[in-house]
1. Considering every residue in B:83-96, what mean count of other chain Cβ atoms within 10 Å of its Cβ is obtained?
2. So for chain A, averaging the separation of alpha carbon pairs under 8 Å that are six or more residues apart and normalising by length, what relative contact order in percent results?
3. When you look at the Cβ of every residue in B:28-37, what mean number of other chain Cβ atoms sits within 10 Å?
4. Relative contact order for chain B: what percent, with Cα pairs under 8 Å and sequence separation of 6 or more?
5. Compute the signed sum of charges (Lys and Arg +1, Asp and Glu -1) over the other residues within less than 9 Å, Cβ to Cβ, of A:T101.
6. Report the calculated FRET efficiency for B:S3 and B:H108 (r = Cβ-Cβ distance, R0 = 30 Å), to the nearest 0.05.
7. How are the alpha carbon pair distances in region A:24-64 distributed across 10 Å bins from zero to the largest one, expressed in percent?
8. When chain A is modelled as a GNM with alpha-carbon springs shorter than 10 Å, which of A:F47, A:F60, A:F104 fluctuates the most?
Amino acid sequence: ETGVTQSPTHLIKTRGQQVTLRCSSQSGHNTVSWYQQALGQGPQFIFQYYREEENGRGNFPPRFSGLQFPNYSSELNVNALELDDSALYLCASSLAAGVRTEAFFGQGTRLTVV
Amino acid sequence: GDSVTQMEGPVTLSEEAFLTINCTYTATGYPSLFWYVQYPGEGLQLLLKATKADDKGSNKGFEATYRKETTSFHLEKGSVQVSDSAVYFCALKNRDDKIIFGKGTRLHILP
């Protein structure tokens, strides 16, 4: 059973550019969530996808968008990058939506905006 | 809104000392509670969980008990090792299926 994998591991972008981060969920998991972890802080919920539909969103602007594919892998897209978008972006998958289900996290993508 | 508060670090202990990291939460309904650990340069690993009141989660010598009356989920370990040095996050999963994290507690264990 493979775990959650994210790519790339590190990325440097220029302010104003666009970026796409990718996540392969754990085998059999149909729910994917994305989190932003700024340096020295706890992760903040961006949004969740359940069976290819957005299923909840945190306090992030519309330039943060996502997709989930039929194989349950997912993308996070960020447009018009700002310096404050520099952070570790974590993807988590779970077997189903629901308060009792565990989420398993990937290693993250470290995004630096210069 | 829902929130998690955990003790600020860094916490520095000698090897074999007793560890407590305090965590309290605010949530509507009946959240699940978690402790995650993050080693340098890595993602989050689930350390332990509890899904209802009075449940005790345990793993690798760490324990935490879901206390609804005090809205707490304190992490404890009887004898820490140098390899336990990491950042520990207390978290809840609420009825909206969001995971809400505390700010993290950095733990340093001295040999």
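Only the coordinates and a few stated rules stand behind these numbers; no lab work does. Only a predicted model underlies this, so the values are computations on that prediction, with no experimental measurement involved. All Cβ positions, even for glycine, are placed from backbone atoms using ideal geometry, and neighbour counts span all protein chains on display.
1. On the way: counts 0, 0, 0, 0, 2, 0, 3, 1, 3, 1, 7, 1, 2, 7.
Going residue by residue through B:83-96 and averaging, the value is 2.
2. Working: 299 pairs, mean separation 41.9, N = 114.
Here the relative contact order equals 37 percent.
3. Details: counts 0, 1, 2, 2, 5, 0, 2, 0, 4, 0.
What the average comes to for B:28-37 is 2.
4. Working: 295 pairs, mean separation 41.7, N = 111.
Worked out over chain B, it gives 38 percent.
5. Details: positive: A:R100, B:K93; negative: A:E102, B:D97.
That sum, taken over residues with Cβ under 9 Å, equals 0.
6. Working: r = 26 Å, r/R0 = 0.87.
Between B:S3 and B:H108 the formula returns 0.70.
7. Going out from 0 Å in 10 Å bins, region A:24-64 shows 27, 48, 23, 1 percent.
8. A:F60
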